[in-house]
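What follows is a single structure, written as structure tokens, with notes after it.
The values are calculated or read from the model by the stated rules, or taken from the named source; none is laboratory data. Please read all numbers here as calculations on a predicted model, not as lab measurements. Every residue, glycine among them, receives a Cβ derived from its backbone with ideal geometry; neighbour counts consider all protein chains shown.
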Amino acid sequence: MRSIVIGMLLSLILAMVLSLSAKAIDYGVSPNEWSATVLGNEAEFIDPMSFNDLLLGIHTDLFGLIITFILIASVTARRGRSRVVMIGFLTLSLLSLLTYPIGMLFSSMIGSSGVILSLGGFIVFHLLMIMGGLDSLIGLLRKKF
Amino acid sequence: MNFKILQFVTLAFSTLVILQASLGALLFTRLVGFTPHDVNLYYGDKSLHGLLEVILPHTLFISIALMAVLHFLAFIQTIDSRTKKRAIYLLFTLFFLDQLSPLFITLGLEFFAVIKIIAFVGFQIALLWVWILIFRETLKLTK
């Protein structure tokens, strides 16, 4: 059982790193590049993303990210960390994960601020999942739980 | 865990899964339509190859995702086995109906448009229920 969870955590951490890399290639790494991809840029002749494509992208991303969150949170909760750390981890993860789709969906109304919020949420969520995964992985390797 | 924080975390998670289901429903409505007539039109025009391009990745990835989610449900000892069995049978039945209905629609069985809509909505709701069930029991561990 221990080796299955170790394998799963390693795969999920790798998936998070790959997800960040894929987004960096597709959308760019700076807020300006994200805004140009989602909202378009007349000066550079970049068309905005269609609403259907945006919906499809968010829906697909969110499905994978919710599953990742459930799996990592389920293991991390058994790690035996203090209540404050667990509350902080769960709350921050959920808030950042909520910010990503909401920022994207409202970007057509609030402009680039929505895209920047979304970018922030996306990066924070991935970093938290990588940290939570690594913390549980180290605990498992040391046979702490 | 402080009750208000517990409520907040549960609310945030519920909002997330409801948002995900709404996005799926919105996407389905925009691409396919809302009524059995729209569903028949959409799938009736598709070739078998076009249909397989949609069904194949969905069948592969959703079955893996279901296995991952349901195996966590199986590990939770505070949920009785009857509820677990119900969740497993319900999710897989709705999943198969949802994925296979378009095939029957292209074969001319228009009645499957209604089954497709019911299975799609039912699958979304059942998955939300299982996600919330797992998360609720996980929160109990942090008390």
_Cβ-Cβ under 6 Å pairs, at least 6 apart or on other chains, segment A:53-78 side among the polar types (S, T, N, Q), far side in a helix (DSSP H, G or I)_ = A:Thr68/A:Leu12; A:Thr68/A:Met129; A:Ser74/B:Phe72; A:Ser74/B:Thr138; A:Thr76/A:Gly132; A:Thr76/A:Ser136
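So that you can scan it fast, the table gives a plain yes or no per residue for (1) within 30 Å of B:Gln7 (Cβ to Cβ); (2) not hydrophobic (A, V, I, L, M, F, W, C):
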residue: B:Phe104; (1), (2): no, no
residue: B:Phe111; (1), (2): no, no
residue: B:Val114; (1), (2): no, no
residue: B:Ala126; (1), (2): yes, no
residue: B:Thr138; (1), (2): yes, yes
*Just wondering, is there one or more residues in segment A:123-132 that are closer than 26 Å to B:Met67 by Cβ, buried (at least 18 other Cβ atoms within 10 Å of the Cβ) and within 9 Å of another protein chain (Cβ to nearest Cβ)?*
no
*Just a yes or no: is a residue in segment B:39-60 of a type in the set (A, V, I, L, M, F, W, C), farther than 22 Å from A:Thr68 by Cβ and touching a residue at least 60 places away in the same chain (Cβ under 8 Å)?*
yes
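Can you tell me which residues in segment B:127-138 are in contact with a helix residue (DSSP H, G or I) (Cβ under 6 Å, 6 or more places away or on another chain) and buried (at least 20 other Cβ atoms within 10 Å of the Cβ)? Outline the logic, then answer.
So the first thing to find is which residues in segment B:127-138 are in contact with a helix residue (DSSP H, G or I) (Cβ under 6 Å, 6 or more places away or on another chain), and the list is B:128, B:130-131, B:134-135, B:138.
Within segment B:127-138, B:Val130, B:Trp131, B:Ile134, B:Phe135, B:Thr138 qualify.
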_Subset of segment A:22-79 that is aliphatic (A, V, I, L, M) and assigned to a loop (DSSP other than H, G, I, E, B) - its residue that is farthest from B:His71 (Cα to Cα)_ = A:Ala43
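Given segment B:3-111, what helices (runs of 4 or more DSSP H) lie entirely inside it while holding 3 or more residues that are out of contact with any helix residue (DSSP H, G or I) (no Cβ under 7 Å at 6 or more places or on another chain), modelled with pLDDT under 85 and surrounded by fewer than 17 Cβ atoms within 10 Å (Cβ to Cβ)? Steps first, answer last, please.
Numbers: elements: B:3-31, B:36-44, B:48-75, B:81-106.
Counting at least 3 such residues, we get B:3-31, B:48-75.
Looking at segment A:63-76, which of its residues are among the hydrophobic types (A, V, I, L, M, F, W, C) and either surrounded by 21 or more Cβ atoms within 10 Å (Cβ to Cβ) or modelled with pLDDT under 85 (or both)?
Our first condition is that a residue be among the hydrophobic types (A, V, I, L, M, F, W, C); within segment A:63-76, this holds for A:63, A:65-67, A:69-73, A:75.
Result: A:Leu65, A:Ile66, A:Phe69, A:Leu71, A:Ile72, A:Ala73, A:Val75.
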